[in-house]
Amino acid sequence: MVASSLVPSDSLPRRTLVLGGARSGKSAVAEAMFGDDAVRYVATARRDTSDADFEHRIAAHRIRRPQSWTVVENQDLVDTLATGAGPTLVDDIGTWLTDRIDAEQAWESPRGTVDTDPLVSAVADYPGRLVVVSPEVGLGVVPATRSGRLFRDEIGVLNQRLAQACDEVLFVIAGLTTRLK
């Protein structure tokens with residue numbers, strides 16, 4: 001079920017969090033919520049042109065997006081959200097969080113070292129239509145590495161906080177969408 005069919009267009013929530021696992025279809029569901037309308041698409045991943053697989057994923061996302069969309073590649077998500085009010089799609093919070101942990105060299109630091117309060121506030125205060133995509137990684141096995149466990153725990157807590165800040169929360173699994181809030 002496509003997310004846009006879940007909510008009548010005249011009653012769209014202002015802020016939506018779309019959660020899902022890897023290759024669940026969460027990005028496609030989030031993109032479908034806007035149709036062909038003009039959208040600011042905020043890509044949070046730091047590009048690495050030496051990673052052919054990642055470049056292929058980026059290319060696949062680009063092909064899917066309408067020409068009317070403006071792409072912003074920026075890891076400074078808080079400032080990006082503060083400088084706009086139009087329809088915005090952020091994809092995704094997991095790559096943003098990874099970049100923050102890297103930037104603060106916090107992989108060996110205690111949990112909660114990375115301050116996510118400014119992001120949660122920016123999402124809560126965003127004045128326009130906002131759809132935020134984030135990975136749900138807590139459904140699988142316990143990661144074997146400390147960095148894997150740190151990321152799983154940090155994204156889990158951040159997703160909870162973003163869910164509280166959003167008007168609607170969707171969960172995508174196997175390409176199917178379920179409304180959680």
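The values are calculated or read from the model by the stated rules, or taken from the named source; none is laboratory data. Here the structure is a predicted model, which means the values were calculated and not measured. Positions of Cβ are generated from backbone atoms using ideal geometry, with glycine treated the same way; all protein chains shown enter the neighbour counts.
Looking for whichever is within 29 Å of Gly35 (Cβ to Cβ), out of contact with any Cys (no Cβ under 8 Å at 6 or more places or on another chain), at pLDDT below 95 and not aromatic (Phe, Trp, Tyr) here; the options are Asp167, Asp125, Asp92. Which one fits? Lay out the reasoning, then the answer.
Values: Asp167 fails: at pLDDT below 95; Asp125 fails: at pLDDT below 95.
Going through Asp167, Asp125, Asp92 in turn, just one is within 29 Å of Gly35 (Cβ to Cβ), out of contact with any Cys (no Cβ under 8 Å at 6 or more places or on another chain), at pLDDT below 95 and not aromatic (Phe, Trp, Tyr): Asp92.
Just name the residue that is surrounded by the fewest Cβ atoms within 10 Å (Cβ to Cβ) out of those in the range 18-40 that are among the hydrophobic types (A, V, I, L, M, F, W, C) and part of a helix (DSSP H, G or I).
Residues of the range 18-40 among the hydrophobic types (A, V, I, L, M, F, W, C): 18-19, 22, 28-30, 32-34, 38-39.
Okay, now just the ones that are also part of a helix (DSSP H, G or I), so 28-30, 32.
Working: Ala28: 17, Val29: 25, Ala30: 25, Ala32: 15.
Here the answer is Ala32.
Return the residue satisfying two criteria in turn: it lies in the range 154-168 and is buried (at least 20 other Cβ atoms within 10 Å of the Cβ) and acidic (Asp, Glu), and of such residues it is nearest to Val114 (Cα to Cα).
Filtering the range 154-168 for residues that are buried (at least 20 other Cβ atoms within 10 Å of the Cβ) and acidic (Asp, Glu), the one nearest to Val114 (Cα to Cα) comes out as Glu154.
If we keep just the residues of the range 28-40 that are modelled with pLDDT of 95 or more and within 13 Å of the chain's Cα centre (by Cα), which is farthest from Asp76 (Cα to Cα)?
Step by step, filter the range 28-40, then rank; the result is Val29.
Go through the range 118-151 and report how many residues are outside any loop (DSSP other than H, G, I, E, B) and crowded, with 19+ Cβ neighbours inside 10 Å. Break it down stepwise before answering.
Filtering the range 118-151 down to residues outside any loop (DSSP other than H, G, I, E, B) leaves 118-125, 130-135, 146-151.
Now restrict to residues that are crowded, with 19+ Cβ neighbours inside 10 Å: 119, 123, 130-135, 150-151.
Matching residues across the range 118-151 total 10.
Under the condition of being surrounded by 13 or more Cβ atoms within 10 Å (Cβ to Cβ) and not hydrophobic (A, V, I, L, M, F, W, C), which residue from the range 41-54 is nearest to the chain's Cα centre (by Cα)? Steps first, please.
Just the residues of the range 41-54 that are surrounded by 13 or more Cβ atoms within 10 Å (Cβ to Cβ), to begin with: 41-46, 54.
Checking which are not hydrophobic (A, V, I, L, M, F, W, C) leaves us with 41, 44, 46.
Values: Tyr41: 11, Thr44: 8, Arg46: 14 Å.
Taking the candidates together, the pick is Thr44.
Kindly indicate whether any position in the range 87-96 is charged (D, E, K, R) and not in a helix (DSSP H, G or I).
Looking through the range 87-96, at least one residue is charged (D, E, K, R) and not in a helix (DSSP H, G or I).
Quick test for you: out of Ser147, Ser134, pick the one residue that is in contact (Cβ under 8 Å) with a residue 40 or more places away in the chain, among the polar types (S, T, N, Q) and in contact with a Gly (Cβ under 8 Å, 6 or more places away or on another chain).
Numbers: Ser147 fails: in contact with a Gly (Cβ under 8 Å, 6 or more places away or on another chain).
The conditions single out Ser134.
Out of the range 77-101, which residues are without any contact (Cβ under 8 Å) to a residue 40 or more places away in the chain and within 20 Å of Thr145 (Cα to Cα)?
From the range 77-101, those without any contact (Cβ under 8 Å) to a residue 40 or more places away in the chain are 79-80, 83, 100; that's our starting set.
Answer for the range 77-101, where residues must be without any contact (Cβ under 8 Å) to a residue 40 or more places away in the chain and within 20 Å of Thr145 (Cα to Cα): just Arg100.
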